[in-house]
Amino acid sequence: EASMPPYLGQTVESVTSFLAKTDLSQFKDPFQLETILAYVDSLSPGDGAAKAAIDIALHDLVGKLLGQGSMEEAVDTDRKMIAFGVAASVFIGGALAAVSGLFPQLYNTSDSVRQLAGTLIRITALLMPVMAYSLTAYFTLRSGGQAFITFIFDSCFMWVCAVSLAFCLSRFTA
């Protein structure tokens, strides 16, 4: 039997109790993620571990359904998830860029290091929408059961991009 990590403030019994009072039979369409998760969230103010378990299970179910039958619905839901991910990352990236000068001020270091840190934070903020798009597209492929394409993305990206970049940075920068 598994036990809950103490930092969650929940027990197996409290999660089981929450799951017992959760009636998901009223929802006929698992692609209505926002509606279902809003219902689950409205049941109680806490119970984060139990809610996370339902959230993960729903996303697993949607992922399995992406490769079965209702392709138009799956494609529509996938596009919505990608659009939401990119939109959220634009918002979060904008907020991060706006406060990028504040974080380096927290550290006792030279002005040039602070300036470099602020620049790197802004670059990260600008790349957030690109990363959101690539990750949502990647997980769409992964959830659709395209194991070979996922393997190619994983290994080729690592060797072609990350290793090459690391090699160049280690050899050609001071």
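Observations on the structure shown:
- Any hit, the stretch 26-35, residues being hydroxyl-bearing (S, T, Y) and without any contact (Cβ under 8 Å) to a residue 24 or more places away in the chain: yes
- Test result for D154, of a type in the set (D, E), over 21 Å from L58 (Cα atoms) and at pLDDT 90 or above: no
- Residue under evaluation A38, criteria (1) open to solvent by 80 Å² or more (accessible area, probe 1.4 Å); (2) modelled with pLDDT of 85 or more, criterion not met: (1)
For (1) in a helix (DSSP H, G or I); (2) closer than 24 Å to L127 by Cα; (3) of a type in the set (S, T, N, Q), each residue gets a yes or a no:
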position	(1), (2), (3)
S25	yes, no, yes
D29	no, no, no
G46	no, no, no
A50	yes, no, no
V62	yes, no, no
V75	yes, no, no
I82	yes, yes, no
N108	no, no, yes
S112	yes, yes, yes
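To keep it simple, each residue is scored yes or no on (1) among the acidic types (D, E); (2) open to solvent by 60 Å² or more (accessible area, probe 1.4 Å); (3) at pLDDT below 85.
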| residue | (1), (2), (3) |
| --- | --- |
| T124 | no, yes, no |
| S143 | no, no, yes |
| I149 | no, yes, yes |
| V160 | no, yes, yes |
| S164 | no, no, yes |
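- Test: residue in the stretch 77-98 that is among the hydroxyl-bearing types (S, T, Y) and closer than 28 Å to S14 by Cβ: no
- Considering only residues in the stretch 9-23 that are part of a loop (DSSP other than H, G, I, E, B) and out of contact with any Leu (no Cβ under 7 Å at 6 or more places or on another chain), the one that is modelled with the highest pLDDT turns out to be D23.
- Any chance L61 is under 30 Å from D23 (Cβ atoms), within 17 Å of the chain's Cα centre (by Cα) and touching a residue at least 12 places away in the same chain (Cβ under 8 Å): yes
The values are calculated or read from the model by the stated rules, or taken from the named source; none is laboratory data. Note that the structure is a prediction, hence the values are computed from the model and not measured. As a convention, Cβ positions derive from the backbone with ideal geometry for all residues, glycine included, and neighbour counts pool all protein chains shown. Calculation scope for accessible area: heavy atoms of the full protein, side chains included, ligands and nucleic acids excluded. Shrake-Rupley method; radii C 1.70, N 1.55, O 1.52, S 1.80 Å.
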